[in-house]
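In what follows, a single structure is set out as structure tokens and then discussed.
The values are calculated or read from the model by the stated rules, or taken from the named source; none is laboratory data. Since we're looking at a predicted model, the values are computed, not measured. No Cβ is skipped: glycine too gets one built from the backbone with ideal geometry, and neighbour counts run over all protein chains shown. Note: accessible area is taken over every heavy atom of the protein model, side chains too, but ligands, DNA and RNA are not part of it. Shrake-Rupley method; radii C 1.70, N 1.55, O 1.52, S 1.80 Å.
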Amino acid sequence: MTQANEPAPPGREVKPRSEWQIRWRQARNAPPPVVRAVLANVAVAAVGGIILLLSDWLSSHGVLPAFVRDLGPVIYVAVVIVSGTFFTYLWVELPTGVPGETRSSPWAGVLGFFASIPIVYLALVVIFEVLRPLLP
């Protein structure tokens, strides 16, 4: 045991990391529940985005009524948030300490809810600002 006046034993020198290196390491080592929440929400947003884009195209060509074009994004946002939260609740499990036994947790649903908000925003930007102008 060292006294307060004695210097610490020589150890390995720690090389400071840049901000980019810190963020890259955090991105590579993301916790599995976060990855699962994001993947569940991206999958729901992608499928719903294709349906939204198709319904928008059909309503602009007169096949569907005009209110579908107006209410489509609102319904899309609600469906992605609710189903992304539900699928994350089902997919992200809380370990119980017993091998082979897991259970769902309400916190997984909360994680899915908070993951769905930026994903639905980015999906809407891609759908309406990138993909929609490409359609005839």
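Any residue that is more than 13 Å from the chain's Cα centre (by Cα), at pLDDT below 90, outside any loop (DSSP other than H, G, I, E, B) and surrounded by 14 or more Cβ atoms within 10 Å (Cβ to Cβ) - is there at least one of those in region 64-77?
Scanning region 64-77 turns up at least one residue that is more than 13 Å from the chain's Cα centre (by Cα), at pLDDT below 90, outside any loop (DSSP other than H, G, I, E, B) and surrounded by 14 or more Cβ atoms within 10 Å (Cβ to Cβ).
Looking at Val110 and the list (1) over 30 Å from Arg132 (Cβ atoms); (2) modelled with pLDDT of 90 or more; (3) open to solvent by 100 Å² or more (accessible area, probe 1.4 Å); (4) under 16 Å from the mean Cα position of the chain (by Cα), which single condition is not satisfied?
(3)
Kindly list, by first and then second residue, each pair from a residue in region 114-135 that is modelled with pLDDT under 95 to a residue that is of a type in the set (A, V, I, L, M, F, W, C) and open to solvent by 40 Å² or more (accessible area, probe 1.4 Å), limited to pairs with Cβ atoms under 7 Å and residues at least 6 apart or on different chains.
Matching pairs, first to second residue: Ala115/Val38; Leu135/Trp57.
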